[in-house]
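Novice: Attaching a single structure in structure tokens format; questions to follow.
The values are calculated or read from the model by the stated rules, or taken from the named source; none is laboratory data. Keep in mind that this is a model prediction, so the values were computed, not measured. Glycine also receives a Cβ, built like all others from the backbone with ideal geometry; neighbour counts cover every protein chain displayed. Please note that ligands, DNA and RNA were not included when accessible areas were found on the heavy atoms of the full protein model with its side chains. Shrake-Rupley method; radii C 1.70, N 1.55, O 1.52, S 1.80 Å.
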Amino acid sequence: MVARRSGTERRLRAWLFGVVVVGTAGIAWPVAASPPIEHWQTANGARVYFVAAPEIPMVDLRVTFDAGSVRDGEQGGVAVMTNALLAEGAGELDADAIAERFAALGVSFGNDADRESSTVSLRTLSDPEVLEPALELVAMIVREPRFAAADLERERNRLLVGLQSERESPGAIASKAFFKALYGTHPYAAQPEGDETTVAALNRDDLVRFHRRYYVARNAQISIVGAVSREQAAAIAEQVVGRLPQGERAPALPPVPELTAAKVIRIEHPSQQSHIIMGQIGMRRGDPDYFALYVANQVLGGGGLVSRLNASIREQRGLAYSVYSYFAPLAQYGPFQMGLQTRNDQVDEALRVVRETLALYHANGPTAAELEAVKRNITGGFPLNIDNNRKIVGYLGMIGFYGLPLDYLERFPARIDALERETVHEAFRRRIDPRRMITVVVGGSATAQAKDAATQ
């Protein structure tokens, strides 16, 4: 997910307890254990997800709002700018005062916004002398942002500079073209940062309205992991989001339109390397085929150096340094995407090899040996995905935001282990159609012109 970091976080990039303490104390769970998750709601309707981690005296907290760029409407960039300005001034404090207070407490604060969500996060000691004022500061940032004119102009200029620089980035150009072609008029088509026209038109009233609508309790979820009891976690949640207006949860996003035909988009760009993105509609969070498709993709292009695509593109032909594929599940159907960079004069061959590799995999699926190797790799590495509080609070955010079951982490390895080759192949064959791919090529040489008729 594309994310923005606030000026506050940039000023507070140093860890609160020092590298040695955090680096060694971040290990909170035995590698074979999945943490039990508790769930409830605050009095005003915010959803709370909590994991007790008494091993180290720390608390990780994340507040997630259904307030990503999919809520922008015609005001592209308003979600990103609203989130970015939260800690640039709140209540009686300006950005410098907020930064100084966080620094004095020795805590780490961050805020992000992407397509679907906006978040604020905190990592702090569980010592009440540090925890209490840190929580109060976060509560004020979430509840009472100033959106001062000078801060808005500074953030606007930062966004505009970023958007202008993306004009020179073939990767950014390819990504924008891919999402636009894949999603059409759906909110997923727009870039989180908006465009130069929409960002230039935003004003303070727009940000205030967005904050008032989406930064409310019923549209919020708070994830807590740390050395506190259930009762203390409940008090923390109430302190941080309990004074937000109750409000209303954001409505469900519209369904993603089905892709009916292949399309090839070629964009000339003065670069020595061409960027290629190829894909189609993939899957959503909670999808019944999630685990089968996840494993299927690991064999195709998600497994790094041991994937089918890497073998055919890099090892056998040297067409690219790296090649990838992945599913990006969202609330609605996110993209399935393959990509690589190659010399302009190798574009045609690279496209042919990717398509042939996909078609062969689509027809035959993984071998038994490939499937077992991938399953061992996923389940063997899974404990490392939840071996510290920061990772767990991230999973809590995902589980809560997408309404996944509380035993998601506990059952994850078993659900991977239970997959059979036929199940994985059938799911991939049913969900991915090699004949209906969006293909975007951004590069500078006419010698790499692909024959569009041959690509469809």
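Novice: Helix-only estimate, please: 222 nm mean residue ellipticity of the chain, summing -39500 (n - 2.57) across DSSP H runs of length 4 or more and dividing by its residues, to the nearest 500.
Specialist: That comes out to -12500 deg cm²/dmol.
Novice: Could I ask something else about it? List the residues, sorted by chain then number, that are 5 or more residues from Tyr333 or on another chain and whose placed amide H is less than 5 Å from its amide H.
Specialist: Val256
Novice: Related question: Pop out the ³J(HN,Hα) list for the stretch 396-413 in order, Karplus 6.51 cos²θ - 1.76 cosθ + 1.60 with θ = phi - 60°, rounded to Hz; leave Gly and Pro as x.
Specialist: Couplings: 4, x, 5, 4, x, 5, 9, x, 6, x, 5, 8, 4, 5, 4, 8, 3, x Hz.
Novice: Relative contact order for the stretch 97-232 using alpha-carbon pairs under 8 Å, separation at least 6, rounded to a whole percent?
Specialist: 21
Novice: How much length would be gained if the chain were fully extended between Ile267 and Ala200, taking 0.36 nm per residue of separation minus their Cα-Cα distance, in nm to one decimal?
Specialist: 21.5 nm
Novice: GluC sites (Glu not before Pro), restricted to the stretch 129-210: which are DSSP loop and have at most 16 other Cβ atoms within 10 Å?
Specialist: Glu168
Novice: Also, quick follow-up: In whole Hz, what ³J(HN,Hα) sequence does the stretch 305-312 give by Karplus (6.51, -1.76, 1.60; θ = phi - 60°), x for Gly and Pro?
Specialist: 5, 9, 7, 4, 4, 5, 5, 7
Novice: Now for a separate question. Read phi for every residue in the stretch 63-76 and hand back ³J(HN,Hα) as whole Hz from Karplus 6.51 cos²θ - 1.76 cosθ + 1.60, θ = phi - 60°, with x for Gly and Pro.
Specialist: Each residue's phi maps through the Karplus curve to give 10, 10, 10, 6, 8, x, 5, 5, 9, 5, x, 7, 9, x Hz.
Novice: Computing the accessible area with a 1.4 Å probe over protein heavy atoms, can you report the carbon and sulfur percentage for the stretch 92-137?
Specialist: Carbon plus sulfur share of accessible area: 47 percent.
Novice: Turning to a different aspect of this structure: How big is the stretch 303-456 on each of its three principal axes, counting only the C-alpha atoms and giving the largest first in Å?
Specialist: 53, 32, 27
Novice: Let me ask something additional. Among Val161, Ala227, Leu125, pick out the residue whose Cα is farthest towards the positive end of the charge dipole of the stretch 120-243, where Lys and Arg carry +1 and Asp and Glu carry -1 on C-beta, about the Cα centre.
Specialist: With unit charges placed on the Cβ atoms, the residue in question is Val161.
Novice: What distance in nm lies between label points placed 7 Å from Cα along the C-beta direction at Arg243 and Ala369?
Specialist: Once both label points are built, they end up 6.4 nm from each other.
Novice: Projecting each Cα onto the charge dipole of the chain (Lys/Arg +1, Asp/Glu -1 at the beta carbon, about the Cα centre), which of Leu330, Phe102, Pro245 comes out farthest on the positive side?
Specialist: Final value for the positive-end residue is Leu330.
Novice: Would you mind calculating the gained length between Asp127 and Glu349 on full extension (0.36 nm times residue separation, minus the Cα-Cα distance), in nm to one decimal?
Specialist: Length gained, Asp127 through Glu349: 73.9 nm.
Novice: Dipole of the chain, Cα-centred, from +1 at each Lys and Arg C-beta and -1 at each Asp and Glu C-beta, to the nearest 20 debye?
Specialist: For this selection, approximately 980 debye.
Novice: Continuing with this model, one more query. R0 = 25 Å: FRET efficiency of Glu315 with Ala359, Cβ-based, nearest 0.05?
Specialist: That pair, Glu315 with Ala359, gives E of 0.85.
Novice: Hey, quick one: spin label on Glu144, modelled 7 Å out along Cα-Cβ, who in the stretch 92-114 has an amide N within reach, i.e. under 15 Å?
Specialist: Within reach of a label on Glu144, which here means backbone N under 15 Å from a point 7 Å along Cα→Cβ, the stretch 92-114 contributes 92-95, 97-98.
Novice: Loop only per DSSP, at most 14 neighbouring Cβ atoms within 10 Å: give me the GluC sites (Glu not before Pro) in the stretch 232-297, ordered by residue number.
Specialist: Glu248, Glu258
Novice: On a full-extension model of 0.36 nm per residue, what is the gain between Val306 and Arg421, subtracting their alpha-carbon distance, rounded to one decimal in nm?
Specialist: The span from Val306 to Arg421 would gain 39.6 nm if fully extended.
Novice: Next question, about the same structure. Quick one: which residues, 5+ away or cross-chain, put their amide H under 5 Å from the amide H of Val48? H built at 1.01 Å from N.
Specialist: It is Trp40, Gln41, Thr42, Ile222, by chain and number.
Novice: May I ask you to give the solvent-accessible area per residue for the stretch 130-248, in square angstrom, as obtained with a 1.4 angstrom probe?
Specialist: Value for the stretch 130-248: 41 Å² per residue.
Novice: Computed from the coordinates I sent, mean projected area of the Cα convex hull in nm² equals one of [x] 25.5; [y] 23.1; [z] 21.4. Tell me the label.
Specialist: [z]
Novice: Note down the magnitude of the dipole of the stretch 304-384 about its Cα centre, charges +1 on Lys and Arg C-beta and -1 on Asp and Glu C-beta and zero elsewhere, to the nearest 20 debye.
Specialist: 120
Novice: Same structure, new question: From the residues Tyr395, Thr379, Ile432, which one has its Cα farthest along the dipole of the stretch 377-439 in the positive direction, the dipole being from +1 and -1 charges on Cβ of Lys/Arg and Asp/Glu about the Cα centre?
Specialist: Ile432
Novice: Let me ask something else. Counting other C-beta atoms within 10 Å, and keeping those with at most 12, which DSSP coil trypsin sites (Lys or Arg not before Pro) do you find in the stretch 359-447?
Specialist: Sparse-neighbourhood loop trypsin sites (Lys or Arg not before Pro): Arg435.
Novice: Expressed as a rounded percentage, what relative contact order does the stretch 315-451 have, with Cα pairs under 8 Å and six or more residues apart?
Specialist: Computed over the stretch 315-451, the figure is 32 percent.
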